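*Asks:* My structure is below; once you've seen it, I'll send some questions.
The values are calculated or read from the model by the stated rules, or taken from the named source; none is laboratory data. Nothing here was measured: the structure is a model prediction, and the numbers come from that model. Neighbour counts are summed over all protein chains in view; Cβ atoms, including those assigned to glycine, are modelled from backbone coordinates with ideal geometry.
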Amino acid sequence: MSKFLDVSDRQLVRQTVGGNVESFNSLVERYHGMVYNLAYRMLGNTNDAQDATQETFLESFKSIGGFKFQSTFKTWLYRIAINTCQQHLRKSDSRKRTMYSYTEDTKNIQRSAAGPTQPDQHLLKTEKEQIVQLAIGSLPTKQKAVVTLFYMQHLKYREIAEVLGCSEGTVASRLNTAISNLKNLLGRQL
């Protein structure tokens, strides 16, 4: 447990810029779960999420001297995490692979649900969550980012706009388009 529990992000950033690596470690402790969760939801698998999380913190450490305090550290870190995830998606051409995975995995999930025994409510919920997660994974990167930040990270439009460097109207538009695309993808499966 960090001895910097009661220290604000602003103070930890200033201490890190001043050379205190332990302060940065406290920021990593504080935000590791948040960054990993975002990366996992954006990239869809543990290995890529771990890599993106590590790269996010490495990049933030290298760039922290340029942090201007115009936004919160959390927003700034989200922006780095989103950019890192987008780079991963571009490199691996994950979108095509995820779309294939969505269609194939959905068929497999439906086949297993149609087996001889009726699954209990928990299994049914898990299957639905898997189908939704696969559908989200198949969205274009910008839509996936907005859905993840809004529904999974519980950020407000204003915060998402700040993270993505766009207007609140653009956030609303991307979210509406994503919801429409999800409805089309999911159809009557749920």
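*Asks:* Identify, by number, the condition in (1) in a helix (DSSP H, G or I); (2) hydrophobic (A, V, I, L, M, F, W, C); (3) at pLDDT 50 or above that residue 69 doesn't meet.
*Replies:* Result: residue 69 fails condition (1) only.
*Asks:* Having 2 or more residues that are at pLDDT 75 or above is the bar; report the helices (runs of 4 or more DSSP H) wholly within region 74-190 that clear it. Steps first, please.
*Replies:* Values: elements: 94-113, 121-137, 141-147, 157-164, 168-186.
Once the helices (runs of 4 or more DSSP H) in region 74-190 are filtered for at least 2 residues that are at pLDDT 75 or above, what remains is 121-137, 141-147, 157-164, 168-186.
*Asks:* Related question: For residue 37, state whether it is in contact (Cβ under 8 Å) with a residue 60 or more places away in the chain and of a type in the set (S, T, N, Q). Outline the logic, then answer.
*Replies:* Numbers: in contact (Cβ under 8 Å) with a residue 60 or more places away in the chain: yes; of a type in the set (S, T, N, Q): yes.
Here the answer is yes, as residue 37 does meet what is asked.
*Asks:* Considering only region 145-178, state which residues are farther than 18 Å from residue 81 by Cα and surrounded by 15 or more Cβ atoms within 10 Å (Cβ to Cβ).
*Replies:* Initial filter on region 145-178 (farther than 18 Å from residue 81 by Cα): 167-170, 172-178.
Matches in region 145-178: 170, 172, 174, 175, 177, 178.
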